[in-house]
Amino acid sequence: MTGSDRTFPVGPRLLAFGAAIVALLVLVPMAGASTPAPTKSQVQSAHQAYLAAESKIQEYRSEIESTQIQLNAAVEKLDRLQAQLEEIQAQIAQTKARIADAQARYERIRSQLEDRAAQAFIAGPASDLEIFLGATSMDDLSDRMEFVDAVTQSDAALAQQASNLKVVLEIEEKSLEELEAKQQDQVDQQTALRNEILNKLSYISSLRDSAVALAERTLQQYKTLDKQRQNYLEQQAQSTVSAPSPDVQLPPGFVNPLKVCPVDPPRAFGDGFGAPRYTGSFHLHAGDDILSDYGTTIRAPFDGVAKPTYNTLGGNGEYVYAPDGSYVYNAHLQSYAAKSNGPVKAGDVIGYVGDTGDAKGTPHDHFEWHPISVPANWPASFYGYVTIPGTSAVNPYPVLNDVCN
């Protein structure tokens, strides 16, 4: 038994996690079939619990999205660090190759110098005079002098090359130390970044686990609540078939706008305006239910314009608009009548009682009254409501009690 599409919006479902999180179902207190109807404060508390749960799921989603952005940036940075590390490693390999080459040349030159020193030691000291006196001719003397000069110059060049290579080796080794230090720094950065990424992945996983746990918990509560709702509807259906209370009267001087009863006899209705309802999101009943058999005639209660409608909760619905802008709404119709869409007079047939929408096997006309303003001194319903907050619906029991009895 439900309100119209204007009165009872469908609440959010469990949030999806996607690549994903599931939707959220409303949180409400658990009650057995024998539990009394919730009070107004309990209704408000249940609604606040629903909003808090929905907000918490949204926090999880926002935090996951934010962490995912950070995670993507960290992975990109790790890729850049890896490229830099590979470049440094290539430079280290090249530097080591140059050092090895320079070291080999340095060793060869040192070996040559050591050989020259050994030869000079074996030959013993020789003066320029001995070289000069040992010449057999002027040509021989010239050759001897050129040889001495060549040997001296060769030894000096080898010594200079050895000195130069030693300097090159020292520079290359210093460069190698700097590259290896830079490599270690890159490795440390990568290690720290990898740990950060792993921590963020673990954090996202924990958030998703928390969201899924919350969703599963609320889903289980919803299943329990759905069973409770069926029990409550059965009780409500039993209570609404009792005779209307005769002590509820119209305020003095008020003229009932309803000229005929919306539903033909046999019929029964109770004072259910403001009763708690659980279909979709948790809400208050914005009308009274007039129970009757399938196919019982539903009539326009005053002159105006009829307009058919449909929604998943109310099923087949029918509005009747009065010239002053007020209107009534009928829900769960089995079918429409010929005058369900256009001008009507009070008493014209606009449809037939049924159980479409969420009526679930209990044929009735969910009847709402939406006057242009709340009449003065209007009686409150059994549940303590004159109007339903956030809607234009007014307690219809007094006008139904007046016209249908």
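The values are calculated or read from the model by the stated rules, or taken from the named source; none is laboratory data. Fair warning: this is a prediction, and the values are worked out from it, not measured in the lab. Cβ coordinates were reconstructed from backbone atoms using ideal geometry, including for glycine residues, and neighbour counts include every protein chain displayed. These accessible areas exclude ligands, DNA and RNA; they are computed on the full protein's heavy atoms, side chains included. Shrake-Rupley method; radii C 1.70, N 1.55, O 1.52, S 1.80 Å.
Calculate the dipole size of the stretch 277-380 relative to its Cα centre from +1 charges on Lys and Arg beta carbons and -1 charges on Asp and Glu beta carbons; express the result in debye to the nearest 20. Show your work: numbers first, answer last.
Working: 6 positive and 11 negative charges, 31 e Å.
The dipole magnitude comes to about 160 debye.
Could you list which residues have their amide H under 5 Å from that of Asn316, counting only those 5 or more apart in sequence or on another chain, with H placed in the peptide plane?
So Asn316 has HN proximity to His332, Leu333, Thr356, Gly357.
Rounded to a whole number, what % of the accessible area of the stretch 349-405 do carbon and sulfur atoms account for, probe 1.4 Å? Intermediate values should be presented prior to the final figure.
On the way: 1040 of 2060 Å².
Exposed carbon and sulfur together represent 50 percent of the surface.
Tell me the label-point distance for the pair Lys360, Glu178, using the 7 Å Cα-to-Cβ offset, in nm and rounded to one decimal.
8.0
Would you mind telling me the share, in percent, of accessible area of the stretch 268-312 contributed by carbon and sulfur at probe 1.4 angstrom? Walk me through the numbers before you get to the answer.
Values: 660 of 1230 Å².
With neighbouring chains kept in place, the figure for the stretch 268-312 is 54 percent.
Per the Cauchy relation, a quarter of the hull surface: what is the mean projected area of the convex hull of the alpha carbons in the stretch 280-405, in nm²?
Values: hull surface 31.1 nm².
It is 7.8 nm².
Please turn the phi angles of the stretch 59-72 into ³J(HN,Hα) values with the Karplus equation 6.51 cos²θ - 1.76 cosθ + 1.60 (θ = phi - 60°), one per residue in order, whole Hz, x for glycine and proline.
Using θ = phi - 60°, the values come out as 4, 4, 5, 5, 5, 5, 4, 5, 5, 5, 4, 4, 5, 4 Hz.
Could you compute the net charge surrounding Tyr352? Neighbours are other residues with a C-beta less than 15 Å from the C-beta of Tyr352; K and R count +1, D and E count -1. Can you show the working numbers first?
Working: positive: Arg267, Arg299, Lys339; negative: Asp264, Asp293, Glu318, Asp348, Asp355, Asp365.
Net of charged neighbours comes to -3.
If you take the beta carbon distance between Asn377 and Tyr321 as r and set R0 to 25 Å, what does 1/(1 + (r/R0)^6) give as a FRET efficiency, to the nearest 0.05?
Efficiency computed from Cβ-Cβ geometry: 0.45.
Return the FRET efficiency for the residue pair Ala100, Thr67: r is the Cβ-Cβ distance, R0 is 41 Å, and the value is rounded to the nearest 0.05. Walk me through the intermediate numbers first.
On the way: r = 48 Å, r/R0 = 1.18.
The formula returns an efficiency of 0.25 here.
Just subtract the alpha-carbon distance of Arg108 and Asn405 from 0.36 nm times their residue separation and send over the number in nm, one decimal.
Length gained between Arg108 and Asn405: 94.4 nm.
Using a probe radius of 1.4 Å on heavy atoms only, what accessible surface per residue do you get for the stretch 253-405? Whole Å² is fine. Working shown, then result.
Working: 5450 Å² over 153 residues.
I get 36 Å² per residue for the stretch 253-405.
Quickly work out the Glu59-to-Lys166 label distance, labels modelled 7 Å from Cα along the C-beta direction, and quote it in nm with one decimal.
Each label point is offset 7 Å from its Cα along the Cβ direction, giving 7.2 nm.
If R0 is 22 Å, what FRET efficiency do you get for Tyr203 and Glu86 from their C-beta distance, rounded to 0.05?
Calculated transfer efficiency: 0.15.
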